[in-house]
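The next block holds one structure in the form of structure tokens; read it before the comments.
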Amino acid sequence: MFDTMRAGGHESLHFHRDPASGLQAIIAIHDTRRGPALGGCRFITYPDENAALDDALRLSRGMTLKAVLADVPQGGGKAVILKPSGPFDREALFAAFGRLVDSLGGRYISAIDSGTGTGDMAVVARHTRHVTSVSEQLDPSPWTALGVFRGIEAAVSVFLKRADLHGLTVAIQGLGHVGYPLARRLHDAGARLFVADIDSARVARAVQELGATPVVPEQVHATACDVFVPCGLGNILNPQTIPALACRIVAGSANNQLADADCARQLQARGIHYAPDYVINAGGLIFASLQYNGRPQSEIEDKTNRIGETLRRLFQRALAGQVSPHDLAEQMAREVLEGHDQALPDAAEAEQAQTLVAGSGACYR
Ligand code: NAD
């Protein structure tokens, strides 16, 4: 396990079970050199415990990179709660999770993610102050949508040399909390929409309100368009889907769009420009972080809008260096983090302090 943590650069892993509520949770803290780890709490059914652990490790690392490039004072962390197979008391479960978060003393700040909502975080908030997204008004999704919109504008200006989105053809996969407000923004900017969702009511709404053309969910990635916008689940860019893509740009909110790092090179080889997911979808993190830190709305707006500028620079550098934006983004984030290494008191000491806590009870770094 320590080899896995060392390879991924993780600081600490916390395993916790609460017999009374049935809670089984893992919190992965990847890196806190730039601030406390902030990341959502997933509540989904995993095939097994290893899959849950892998998710926590992978997603927490992604949060560190995201926070660095969004320039917010946070590190990367993620929580996963294994969904019980039998009946359970949801409120008791999230209360127990809140106590777990509190036991970390602020090193990890929680938020919503797949399978959790603002109601769950409101329960968590009764047990710890280290939580965000605790009410509908604090849902980060519209901010994620704004950041993705700015990212699409940047990609279109750099790669298609277009000054605006008028007449742009866009295929959106997933019309949920992020996909729908993004579709509305794109429609308002004059783009022509192709949309797919496994929830047919959401598609019907987009057809009616935004004049969108429906596409079958299995084929949306193969729609001929300027920009493919994944806003559903992860792993959509894989060896099976990449050869079928018929777009110039991929730019969407979904986390972990690439099945693996080689897929970024496959896209590059096909001449398809990819906006790294953790850069373009950082609007929600910016909102959660700055709101948690008591910063004004104007600063949140300003930083979210700046995602466009960050991506513009990234795309231009990637074009000039003939490298994939994905590889370049990771390199840029690492450079910033390594700058922080200088400030560490003693790297060996920090490594020794990494403690894996298994079983129930308090969690230590
Ligand atoms: P959501 O659950 O509200 O929406 C996802 C939508 O995708 C749903 O409407 C669902 O029916 C649809 N969908 C699922 N499988 C599909 C398929 N095979 N084909 C077509 N549609 C499918 O989630 P969300 O909050 O909108 O997030 C969307 C993505 O963006 C997720 O990957 C999430 O991790 C990521 N993300 C979200 C935020 C945020 O602020 N909400 C921030 C960063 C990243």
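The values are calculated or read from the model by the stated rules, or taken from the named source; none is laboratory data. Model, not experiment: these values are computed from the prediction. So basically every Cβ, Gly included, is an ideal-geometry build from the backbone, and we count neighbours across all protein chains shown. These accessible areas exclude ligands, DNA and RNA; they are computed on the full protein's heavy atoms, side chains included. Shrake-Rupley method; radii C 1.70, N 1.55, O 1.52, S 1.80 Å.
Since residue 255 meets every condition but one in (1) within 9 Å of the ligand (Cβ to nearest atom); (2) touching a helix residue (DSSP H, G or I) at 6+ places or on another chain (Cβ under 9 Å); (3) open to solvent by less than 40 Å² (accessible area, probe 1.4 Å), which condition does it not meet?
(3)
Residue 174 is checked against (1) on the phi > 0 side of the Ramachandran plot; (2) more than 22 Å from the chain's Cα centre (by Cα) and fails just one. What number does that condition carry?
With respect to (1) on the phi > 0 side of the Ramachandran plot; (2) more than 22 Å from the chain's Cα centre (by Cα), residue 174 is out only on (2).
Taking residue 44 as the residue in question, decide whether it is crowded, with 21+ Cβ neighbours inside 10 Å and either at pLDDT 95 or above or closer than 14 Å to residue 82 by Cα (or both). Can you show your working first?
Values: crowded, with 21+ Cβ neighbours inside 10 Å: no; either at pLDDT 95 or above or closer than 14 Å to residue 82 by Cα (or both): yes.
When the stated conditions are applied, residue 44 does not pass them.
Got at least one residue in the range 141-157 being assigned to a loop (DSSP other than H, G, I, E, B) and either open to solvent by less than 40 Å² (accessible area, probe 1.4 Å) or farther than 18 Å from residue 283 by Cβ (or both)?
Checking the range 141-157: not a single residue is assigned to a loop (DSSP other than H, G, I, E, B) and either open to solvent by less than 40 Å² (accessible area, probe 1.4 Å) or farther than 18 Å from residue 283 by Cβ (or both).
Tell me, yes or no, whether the range 71-88 has at least one residue that is at pLDDT 95 or above and in contact with a Cys (Cβ under 7 Å, 6 or more places away or on another chain).
So far as the range 71-88 goes, yes, one or more of its residues are at pLDDT 95 or above and in contact with a Cys (Cβ under 7 Å, 6 or more places away or on another chain).
Which one of these is crowded, with 17+ Cβ neighbours inside 10 Å, β-branched (Val, Ile, Thr) and either within 13 Å of the ligand (Cβ to nearest atom) or at pLDDT below 95 (or both): 250, 220, 216?
220
Checking the structure you have, find out if any residue of the range 63-75 is under 14 Å from the mean Cα position of the chain (by Cα), away from the ligand (no atom under 14 Å from the Cβ) and part of a strand (DSSP E or B).
Among the residues of the range 63-75, at least one is under 14 Å from the mean Cα position of the chain (by Cα), away from the ligand (no atom under 14 Å from the Cβ) and part of a strand (DSSP E or B), which makes the answer yes.
Among the residues of the range 163-183 satisfying the criterion of being more than 6 Å from the ligand (Cβ to nearest atom) and part of a strand (DSSP E or B), which is farthest from residue 236 (Cα to Cα)?
169
Identify the residue in the range 101-152 that is modelled with pLDDT of 95 or more, of a type in the set (S, T, N, Q) and more than 13 Å from the ligand (Cβ to nearest atom) and, among all such residues, is nearest to residue 305 (Cα to Cα).
Filtering first and then ranking leaves 110.
Looking at this structure, is residue 267 aliphatic (A, V, I, L, M) and within 13 Å of the ligand (Cβ to nearest atom)?
Here the answer is no, as residue 267 does not meet what is asked.
Before we move on, is residue 96 outside any helix (DSSP H, G or I), open to solvent by less than 30 Å² (accessible area, probe 1.4 Å) and in contact with a Ser or Thr (Cβ under 9 Å, 6 or more places away or on another chain)?
no
Filter the range 305-356 down to residues that are modelled with pLDDT under 85, assigned to a helix (DSSP H, G or I) and charged (D, E, K, R) and give me whichever is nearest to residue 185 (Cα to Cα).
338
So which residues in the range 271-299 are in a helix (DSSP H, G or I) and within 12 Å of the ligand (Cβ to nearest atom), if there are any at all?
277, 278, 279, 280, 283, 284, 285, 286, 287, 288
Taking the residues in the range 20-41 that are assigned to a loop (DSSP other than H, G, I, E, B) and open to solvent by 10 Å² or more (accessible area, probe 1.4 Å) as candidates, determine which candidate is farthest from residue 8 (Cα to Cα). Full working, then the answer.
Step one: filter the range 20-41 for residues assigned to a loop (DSSP other than H, G, I, E, B), giving 20-22, 32-36, 39-40.
Narrowing further to those that are open to solvent by 10 Å² or more (accessible area, probe 1.4 Å): 20-22, 32-36.
Working: 20: 33, 21: 31, 22: 29, 32: 14, 33: 15, 34: 17, 35: 18, 36: 18 Å.
The qualifying residue farthest from residue 8 (Cα to Cα) is 20.
In the range 238-259, what residues are in a loop (DSSP other than H, G, I, E, B) and either among the hydrophobic types (A, V, I, L, M, F, W, C) or free of Cβ contacts under 8 Å to residues at least 12 places away in the same chain (or both)? If you could, list the steps in order and put the result at the bottom.
Of all residues in the range 238-259, those in a loop (DSSP other than H, G, I, E, B) come to 238-241, 245-248, 251-257, 259.
The answer is 240, 245, 246, 247, 251, 254, 259.
Based on what the data block shows, is residue 231 in contact with a Pro (Cβ under 8 Å, 6 or more places away or on another chain) and either within 12 Å of the ligand (Cβ to nearest atom) or under 18 Å from residue 329 (Cα atoms) (or both)?
Taking the combined requirement at face value, the residue does not satisfy it.
Looking at 83, 66, which one is open to solvent by less than 40 Å² (accessible area, probe 1.4 Å) and either of a type outside the set (D, E, K, R) or in contact (Cβ under 8 Å) with a residue 12 or more places away in the chain (or both)? If you could, list the steps in order and put the result at the bottom.
On the way: 83 fails: open to solvent by less than 40 Å² (accessible area, probe 1.4 Å).
Just one listed residue meets the conditions, 66.
Do any residues in the range 117-140 that are of a type in the set (A, V, I, L, M, F, W, C) have Cβ atoms under 6 Å from those of residues that are in a loop (DSSP other than H, G, I, E, B) and open to solvent by 40 Å² or more (accessible area, probe 1.4 Å), where the two are at least six apart or on different chains, and which pairs are they?
Close Cβ pairs satisfying both conditions: 121/134; 122/134; 125/134.
Quickly run through the range 184-204 and pick out the residues that are in a helix (DSSP H, G or I) and within 11 Å of the ligand (Cβ to nearest atom).
Those that are in a helix (DSSP H, G or I) and within 11 Å of the ligand (Cβ to nearest atom): 200, 201, 202, 203.
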